[in-house]
1. Name the residues in segment A:84-103 that are under 12 Å from residue A:29 (Cβ atoms) and of a type in the set (S, T, N, Q), would you?
2. Within segment B:33-44, restricting attention to residues that are more than 10 Å from the chain's Cα centre (by Cα) and at pLDDT 90 or above, which residue is nearest to the other protein chains (Cβ to nearest Cβ)?
3. So for segment A:49-66 (the condition being within 21 Å of residue B:44 (Cβ to Cβ), at the interface with chain B (Cβ under 10 Å from one of its Cβ atoms) and among the aromatic types (Phe, Trp, Tyr)), does at least one residue qualify?
4. In segment A:1-35, what residues are open to solvent by 20 Å² or more (accessible area, probe 1.4 Å) and touching a Lys or Arg at 6+ places or on another chain (Cβ under 6 Å)?
5. Go through segment B:23-117 and tell me which strands (runs of 3 or more DSSP E), entirely inside it, have 2 or more residues that are open to solvent by 30 Å² or more (accessible area, probe 1.4 Å) and among the hydroxyl-bearing types (Ser, Thr, Tyr).
6. Whether any residue in segment B:10-19 is over 21 Å from residue A:93 (Cβ atoms), within 12 Å of another protein chain (Cβ to nearest Cβ) and acidic (Asp, Glu) is what I want to check.
7. Given the conditions (1) among the hydrophobic types (A, V, I, L, M, F, W, C); (2) in contact with a helix residue (DSSP H, G or I) (Cβ under 6 Å, 6 or more places away or on another chain); (3) at pLDDT below 90, and given that residue B:47 satisfies all but one, which numbered condition is not satisfied?
Amino acid sequence: EAQVTQNPRYLITVTGKKLTVTCSQNMNHEYMSWYRQDPGLGLRQIYYSMNVEVTDKGDVPEGYKVSRKEKRNFPLILESPSPNQTSLYFCASSRGGDTQYFGPGTRLTVL
Amino acid sequence: AQSVAQPEDQVNVAEGNPLTVKCTYSVSGNPYLFWYVQYPNRGLQFLLKYITGDNLVKGSYGFEAEFNKSQTSFHLKKPSALVSDSALYFCAVRDPGWDSGYSTLTFGKGTMLLVSP
């Protein structure tokens, strides 16, 4: 089954404790992206990747890092999480500029 | 900079009635336009897209959307709403600079559709 998986689905952590949210796709897509969803703000792009070792900032990259060492994986790293990063996070993948396929989401709470 | 506006936070419609969820956009060139739906506690699911060609696009679950270049709109429609259509709907536009290697997908803030029995 073609899918995008994210782990963990739910995470509660404390300020300053480094964390990684994993994202994996099995569709051999070149393009992957991370979004955060906040009430009243819709989805905002954090980072995206055109292919292995090629990443770029989206609209709200501050406080986040990403890496793309393998085509299927695109982890999101929060080196020092803060409460304003409490949000619902989505990973997505696509073939070029076509339709994006979204993961199930990761709900992060930073205390 | 590109942008997407969904002017209604919520749309209420009775089951069996037609529904419209509005979307307008702003980009510098010819846009790629998308509609996604999000059911409670789920990720986003693709509904339909406009890239080029016929202005009326048909998608999943009986939804359709009409691309209107002069009004820069891409409204989502369905002739007869179902209670199960109740969800959060997002319009999105892709930067036409995609072909140059730069890409971004901008989403609207979302419109909650509530279909009453």
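The values are calculated or read from the model by the stated rules, or taken from the named source; none is laboratory data. Fair warning: this is a prediction, and the values are worked out from it, not measured in the lab. Here the Cβ is made from the backbone with ideal geometry for all residues, glycine too, and neighbour counts use every protein chain on show. Areas reflect the complete protein model, heavy atoms only, side chains present, ligands, DNA and RNA absent. Shrake-Rupley method; radii C 1.70, N 1.55, O 1.52, S 1.80 Å.
1. A:93, A:94, A:99, A:100 - these are the residues of segment A:84-103 that are under 12 Å from residue A:29 (Cβ atoms) and of a type in the set (S, T, N, Q).
2. In the first step, residues of segment B:33-44 are kept if they are more than 10 Å from the chain's Cα centre (by Cα); the result is B:38-44.
Add one more test, that the residue is at pLDDT 90 or above, and what stays is B:38-39, B:44.
Details: B:38: 8, B:39: 11, B:44: 4 Å.
Of everything passing the filter in segment B:33-44, B:44 is nearest to the other protein chains (Cβ to nearest Cβ).
3. Among the residues of segment A:49-66, not one is within 21 Å of residue B:44 (Cβ to Cβ), at the interface with chain B (Cβ under 10 Å from one of its Cβ atoms) and among the aromatic types (Phe, Trp, Tyr), which makes the answer no.
4. Taking segment A:1-35 first, the residues open to solvent by 20 Å² or more (accessible area, probe 1.4 Å) are A:1-3, A:5, A:7-12, A:14-18, A:20, A:22, A:24, A:26-28, A:30.
Selection gives A:10, A:24.
5. On the way: elements: B:24-26, B:32-38, B:44-50, B:56-58, B:64-68, B:73-78, B:87-94, B:105-107, B:111-116.
So the answer is B:24-26.
6. No - not one qualifying residue is present in segment B:10-19.
7. (3) is the only condition that residue B:47 fails.
Matching residues to (1) among the β-branched types (Val, Ile, Thr); (2) surrounded by fewer than 18 Cβ atoms within 10 Å (Cβ to Cβ); (3) more than 9 Å from chain B (Cβ to nearest Cβ):
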{"position": "A:38", "(1), (2), (3)": "no, yes, yes"}
{"position": "A:47", "(1), (2), (3)": "no, no, yes"}
{"position": "A:81", "(1), (2), (3)": "no, no, yes"}
{"position": "A:89", "(1), (2), (3)": "no, no, yes"}
{"position": "A:100", "(1), (2), (3)": "no, no, no"}
